[in-house]
Amino acid sequence: MRRKILKKILITIFSLNTFYFLDLSFPNKLFSDQKTNSLSEYIRKLEVNDFYILGPGDVFEIAFSENTLELQLIKVGPTGKINLKRFKELYVEGLTISELVKVLNYEYSNYLYNPDVTINMVSYRPVKVYIDGEVVNPGFIILPGVIKNFSLLLDKENQSNAIESEVFPTLFDVIRKSGVITAKANISNIKISRINPISDGGGRIKTNVNILKTLSLEDISQNIRIKDGDNIKIPKSNSIARNE
């Protein structure tokens with residue numbers, strides 16, 4: 001009887017210790033590991049921590065509930081402000097899209113019944129990040145908010161048609177523009193810090209990325225999307241990584 005009680009106590013202690021050290025062992029991730037239970041959930045899912053913070057140069061469309069006909073195309077100015085018909089200037093730099101939606105729903109509720117604001121991004125501002133460590137050209141890197149790719153496809157009559165696709169800039173794009181990594185780079189432990197949304201406490205969040213897993217096709221999610229204001233540090237390895 002005593003052995004059973006002792007066993008339960010040990011299991012309880014082990015479980016509590018596991019949950020206590022969970023946050024320390026696994027820092028905030030910048031990419032998604034969200035799991036869904038059905039196809040319907042999958043096609044509507046949002047990435048974990050998938051926040052986009054607004055800043056000067058962003059252009060978006062504000063739509064309201066079906067009962068109203070108001071539709072506004074907005075650009076964030078160099079001072080971080082936007083101009084709205086009813087409120088003149090509002091400072092929005094540093095807010096995520098969901099945070100701005102909450103603000104606008106509150107403000108417009110004085111004028112509209114159930115404003116039900118939605119925001120649709122029209123164009124993204126350029127992404128400016130800082131990369132340091134084992135790269136040929138460390139410093140600030142500026143990439144387009146959306147990278148356009150063109151490919152040629154041949155139809156049945158062997159006529160080529162240009163197909164345009166758009167993708168967000170990734171860690172690979174930053175490394176490529178920085179002049180490639182050095183022979184002593186440790187690409188299995190790249191350190192990235194990112195601006196944290198105000199509603200999540202502000203400041204910055206950090207994570208480590210193993211881009212080697214992407215190169216080996218083991219985990220392509222390690223090649224994460226880079227966002228404006230990111231800091232990237234590629235540390236030095238203790239030895240020259242010839243295989244990498």
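What follows draws every value from the coordinates through simple rules; no lab data is involved. These numbers come from a predicted model, not from an experiment. Every residue, glycine as well, gets a Cβ built from its backbone with ideal geometry; the counts of neighbours run over all protein chains shown.
Summary table
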{"item": "Prolate/oblate/rounded call for the stretch 75-222, Cα gyration tensor, a/c under 1.5 rounded", "result": "oblate"}
{"item": "Computed label-point distance, nm, for sites residue 107 and residue 75 using a 7 Å Cα→Cβ extension", "result": "1.9"}
{"item": "Stretch gain in nm, segment residue 128-residue 114, where the contour uses 0.36 nm per residue and the Cα spacing is subtracted", "result": "1.3 nm"}
{"item": "Where labels lie 7 Å past Cα in the beta-carbon direction, separation of residue 236 and residue 180 in nm", "result": "2.1"}
